[in-house]
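The values are calculated or read from the model by the stated rules, or taken from the named source; none is laboratory data. Note that this is a predicted model, so its numbers are computed, not measured. Don't worry about glycine lacking a Cβ; one is built from the backbone with ideal geometry, like all the others, and counts go over all protein chains shown. Surface accessibility is based on the protein's heavy atoms, side chains included, excluding ligands, DNA and RNA. Shrake-Rupley method; radii C 1.70, N 1.55, O 1.52, S 1.80 Å.
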Amino acid sequence: MPVRLNAHNSALILIDVQGKLARMMPDVSGLLARIGALLQAADKLGVPIIWLEQNPQGLGATLPELSALLAGRQPIIKQHFDACAEPDIHQRLSELTAEHLVVCGIEAHVCVYQTAMGLLALGKQVHVPVDAVASRYDEARQLAVTRLAQEGARLSNTDMLLFEWLGSAKHPEFRSVLELIKGLSH
């Protein structure tokens with residue numbers, strides 16, 4: 001039976017939105033707005049956030065538009081494209097009760113894909129907001145999304161996830177999250 005996401009059974013994983021590579025993504029401003037909305041809503045709703053950076057000495061830091069939303073947190077530094085190959089991610093995952101992991105970031109066909117596959121192999125439910133993942137080439141992003149769906153990841157978009165996390169217009173944070181949604185362009 002399908003389980004609907006909510007703020008209590010989810011965690012958000014931000015993957016590698018760093019340096020010059022991130023600036024090369026198609027519609028980078030829209031991508032950053034959608035990921036930013038996910039990060040802000042996660043904070044408002046108490047959804048845990050796992051922040052990943054791939055080799056920041058080589059790729060650079062997370063873009064300031066997003067790192068500013070992560071104040072007080074430290075990224076998990078990784079060298080593997082699949083973050084699940086890093087010991088620190090296992091420690092962080094063991095601290096969570098969330099079985100539903102929302103993955104966003106770049107590049108969809110490399111680190112997002114491999115990390116999502118690693119999470120699926122660990123028995124996690126993986127959700128991919130397709131409008132919050134990107135690759136330099138849309139064909140690569142689309143291939144990654146298709147393969148992930150074939151392997152069992154659940155596809156959605158930013159709006160769907162935010163409304164699922166809210167669950168009701170009576171949620172105390174409904175208006176503030178609705179403002180985030182209204183600020184998005186698709």
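May I ask you to list, by number, the DSSP H helices of the chain whose Cα span along the axis is at least 24 Å and whose average Kyte-Doolittle hydropathy reaches 0.5 or more?
In the chain, the long hydrophobic H runs are 28-45.
What does the accessible area per residue of segment 113-168 come to in Å², with a 1.4 Å probe and no ligands, DNA or RNA counted? Don't skip to the end; give the middle numbers.
Details: 2470 Å² over 56 residues.
In whole numbers, segment 113-168 has 44 Å² accessible per residue.
In Å and from the alpha-carbon atoms only, list the Rg and Dmax of segment 59-107.
Looking at segment 59-107, its Cα Rg and Dmax stand at 12.1, 31 Å.
Among the GluC sites (Glu not before Pro) within segment 42-138, which fall in a DSSP loop and have no more than 16 other Cβ atoms within 10 Å of their own Cβ? All intermediate terms of the calculation are to be shown ahead of the outcome.
Working: sites: 53, 65, 95, 99, 107; in loops: 95, 99, 107.
Answer by residue number: 95, 99.
With a 1.4 Å probe and all protein chains left in place, how much of the accessible area of the chain comes from carbon and sulfur atoms, in whole percent? Intermediate values should be presented prior to the final figure.
Numbers: 4740 of 8740 Å².
For the chain, the apolar C and S fraction of the accessible surface comes to 54 percent.
Could you grab the Rg to Rh ratio for the chain? Cα atoms only, Kirkwood for Rh.
Checking Rg against Rh, the ratio lands at 0.93.
Any idea what the dipole of the chain comes to, in debye rounded to 20, about its Cα centre with Lys/Arg Cβ at +1 and Asp/Glu Cβ at -1?
Roughly 240 debye, rounded to the nearest 20.
Which lysines have a Cα less than 23 Å from the Cα of residue 182, not counting those fewer than 8 places away in the same chain?
Filter leaves 44, 170.
Between residue 23 and residue 173, what FRET efficiency comes out of the Förster formula 1/(1 + (r/R0)^6) with R0 = 41 Å and r the beta carbon distance, rounded to 0.05?
The computed FRET efficiency comes out at 0.85.
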